[in-house]
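So the structure is just underneath, and the comments pick up after that.
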Amino acid sequence: MKWSFLFFGAVCAVALSFTAGCKTQAPTTEATAMSTDERLDISEDRTSVNITAGTKDHIVIRANELKALVSGIPDVDTGVPSTMTLSGQLIFKVAQNPRTNMVAIAARGLLFTETDYSMLFVVNPLSPDRPQLVKFVMPGKKAALDGSTPAFGTVRGLSYDDSGILTLKHTDASGSEAELKINPDLTIRSCKYLVKEDEGLCGEKHG
């Protein structure tokens, strides 16, 4: 089933109780129309993702249109952590859910003293102007009342399995690496360390 969208407008991350002006909605988990010839391409400068069906129909999602309220972000002048709205600077990884056609996009929001502060979104190709923010909230912990999310680290891997579970691998400046499993409803399922030099990649420092 073909679709044709061209998206260049401003985008805000959809999350519960987000900033004023952003329209909230529940995560979309039902199947979308499938296309057998879709292709995901990150631009050479890693500032956009092109989702192409066939030879003409395509969507362009730009990194700087992906925005989220993120906690624990250091002020670039003082280094003091605070909560601020970040815009994507570049695209790390993309992946497409084989069951629903949803596209996951991991984007860097800030690079500060060799440390990445990244965000994860899921986009429905049928409504690309409503990307959904994946909050880094571990099982058993509550989401922040202000709608913010802690950041992910440097995203090294992003992939879906056949059941629609999303796997994200991220690292930090210490050399630690962790693997997170994310449910189709965009909640964190589990986290385990592949290499552990320091804590933080499994949410230990998120309060």
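Quick one: which of 92-99, 191-198 comes out on top by average Cβ neighbours within 10 Å, and what's the full order, highest first?
Highest-to-lowest ranking by the protection proxy: 92-99, 191-198.
Is there a quick way to get the dipole size of segment 52-134? I mean about its Cα centre, with the Cβ of Lys and Arg at +1 and of Asp and Glu at -1; what is the value in debye to the nearest 20? Could the numbers behind the result be given before it?
Working: 7 positive and 7 negative charges, 85 e Å.
Roughly 400 debye for segment 52-134.
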Would you kindly derive the ³J(HN,Hα) couplings of segment 142-152 from the backbone phi angles with the Karplus curve 6.51 cos²θ - 1.76 cosθ + 1.60 (θ = phi - 60°), listing them in order in whole Hz, with x for Gly and Pro?
9, 5, 5, 5, 7, x, 7, 9, x, 8, 7
Long-range amide H partners of LYS196 with built H, under 5 Å:
GLU177
So if I place +1 on the C-beta of Lys and Arg and -1 on the C-beta of Asp and Glu, and nothing else carries charge, what would the dipole magnitude of segment 38-195 be about its Cα centre? I want it in debye, nearest 20.
420 debye
Cα→Cβ-extended label distance, 7 Å offset, between LYS181 and THR83, nm:
3.0 nm
What residue among THR113, THR171, MET102 has its Cα farthest toward the positive end of the dipole of segment 38-195, where the charges are +1 on Lys, Arg and -1 on Asp, Glu, each on the Cβ?
MET102
Quick one: if you stick a label point 7 Å off each Cα along the C-beta vector at LYS142 and ARG189, how many nm between them?
2.7 nm
Percent RCO, i.e. relative contact order, over segment 38-195, from Cα pairs under 8 Å lying at least 6 residues apart
16 percent
Relative packing of peptides 58-64, 160-166, 147-153, 78-84 - highest average C-beta neighbours within 10 Å first:
147-153, 58-64, 160-166, 78-84
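Values in this text are rule-based calculations from the coordinates and carry no lab data. Please read these numbers as outputs of a predicted model, since none were measured by experiment. Counting neighbours? That spans all protein chains shown, and the Cβs are built from the backbone with ideal geometry, glycine included.
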